[in-house]
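The values are calculated or read from the model by the stated rules, or taken from the named source; none is laboratory data. On a predicted model such as this, the values are computed, not experimentally measured, just so you know. Positions of Cβ are generated from backbone atoms using ideal geometry, with glycine treated the same way; all protein chains shown enter the neighbour counts.
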Ligand SMILES: NC(=O)c1ccc[n+]([C@@H]2O[C@H](COP(=O)([O-])OP(=O)(O)OC[C@H]3O[C@@H](n4cnc5c(N)ncnc54)[C@H](O)[C@@H]3O)[C@@H](O)[C@H]2O)c1
């Protein structure tokens, strides 16, 4: 039976990369594809970010494919928040699976590093942390403004992503899982990550469980990426370190990701955003074809 896939090209470069992804899916076969028009244009035209019942519509598919969201004409990115973050939260897609794999030695920006050195996976917690939108602004747009953004860490939320990372490593015969936090400074929320990680590690005696502060991880990813197999971290840190991962792979355009709730409808998207500088229709000077041609030239 064919798998049904909802497709949201979204904005900017999303509208250039998705047609290529659809060509690949059509070549593989076995999917029925339904394109949904949601994105900045749709929002600016209709005032609707995601239609009523939109998350249920998404749930009715086997999988969701999204290009990218973000458009300078929507400065508060409201549509992106509703479509992208909204889908992650509403469908409870708690695993953000971000493989970092160098496909060609010549794409790596590091000296003397090869495909063998850049091959790891980051699991980013995808439904909590600093992305829940908790907080507020007092006296906004004045010199007395106070802006508070709160980070949410729940035992259940942290437990399920850390456990998923260990289970992933075990299922693939991998031997190293590294948890990254900032528990030296964020003594409440990240103490919970420490407790969960240390509590789960003994269940996996064949896996070396290590901990790094996120700043040290950022440095080591550049210095010696070969030491990592599986990394698990929170929503914000995962977002940031996978841009480093994208760079190690040859650029953000190479980085793919899955937003997963095991056994349920999940969403797949590139790691990059709408790349305004690369996208003519939202103000850029270069299209993907020219950017792609530049990479091919570099490789030759
Ligand atoms: N998942 C998403 O949809 C997502 C993720 C990140 C940012 N955003 C949004 O995208 C907009 C732009 O954000 P940004 O500039 O910080 O990040 P971005 O990922 O769009 O672009 C950063 C840089 O990465 C490179 N890049 C991005 N996509 C590429 C591709 N397909 N091929 C080659 N290089 C590529 C470009 O050099 C670009 O200048 C903002 O509105 C932001 O909120 C959306």
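Residue by residue, here is whether (1) in contact with a strand residue (DSSP E or B) (Cβ under 6 Å, 6 or more places away or on another chain); (2) assigned by TED's automatic domain parsing to the domain that holds residue 189; (3) within 16 Å of the ligand (Cβ to nearest atom) holds:
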site: 49; (1), (2), (3): no, no, yes
site: 66; (1), (2), (3): yes, no, yes
site: 72; (1), (2), (3): no, no, yes
site: 75; (1), (2), (3): no, no, yes
site: 83; (1), (2), (3): no, no, yes
site: 100; (1), (2), (3): yes, yes, yes
site: 112; (1), (2), (3): no, yes, no
site: 115; (1), (2), (3): no, yes, no
site: 133; (1), (2), (3): no, no, yes
Quiz item: Applying the selection to the stretch 268-286, what residues are within 10 Å of the ligand (Cβ to nearest atom) and either at pLDDT 90 or above or outside the structural domain of residue 86 (by TED's automatic domain parsing) (or both)?
Solution: 269, 270, 271, 272, 273, 274, 275
Quiz prompt | Meets criteria (surrounded by fewer than 16 Cβ atoms within 10 Å (Cβ to Cβ), within 20 Å of the chain's Cα centre (by Cα), more than 16 Å from the ligand (Cβ to nearest atom) and at pLDDT 95 or above) for residue 264 | solution = yes
Exercise. May I ask you to list the residues in the stretch 85-111 that are crowded, with 22+ Cβ neighbours inside 10 Å and either assigned to a helix (DSSP H, G or I) or at pLDDT below 95 (or both)?
Key: 87
Quiz item: Is there a residue in the stretch 12-33 that is on the phi > 0 side of the Ramachandran plot, crowded, with 18+ Cβ neighbours inside 10 Å, modelled with pLDDT under 95 and within 15 Å of the ligand (Cβ to nearest atom)?
Solution: yes
Quiz item: Quick check, is residue 252 at pLDDT below 95 and touching a strand residue (DSSP E or B) at 6+ places or on another chain (Cβ under 8 Å)?
Solution: yes
Exercise. Would you please name the residue that is nearest to residue 276 (Cα to Cα), looking only at residues in the stretch 1-48 that are in a loop (DSSP other than H, G, I, E, B) and free of Cβ contacts under 8 Å to residues at least 40 places away in the same chain?
Key: 37
Quiz item: Of the numbered conditions (1) closer than 27 Å to residue 217 by Cβ; (2) at pLDDT 95 or above; (3) in contact with a strand residue (DSSP E or B) (Cβ under 9 Å, 6 or more places away or on another chain), residue 62 satisfies every one except a single condition; which is it?
Solution: (1)
Quiz item: Which of (1) touching a residue at least 60 places away in the same chain (Cβ under 8 Å); (2) more than 21 Å from the chain's Cα centre (by Cα); (3) under 30 Å from residue 188 (Cα atoms) is the odd one out, the single condition residue 140 does not satisfy?
Solution: (1)
Self-check item: Criterion violated by residue 133 - all others in (1) modelled with pLDDT of 95 or more; (2) loosely packed, with under 13 Cβ neighbours inside 10 Å satisfied
Solution: (1)
Quiz item: Considering the stretch 177-220 alone, what residues qualify as being touching a residue at least 12 places away in the same chain (Cβ under 8 Å), under 20 Å from residue 244 (Cα atoms), touching a helix residue (DSSP H, G or I) at 6+ places or on another chain (Cβ under 8 Å) and surrounded by fewer than 19 Cβ atoms within 10 Å (Cβ to Cβ)?
Solution: 182, 211, 212, 218
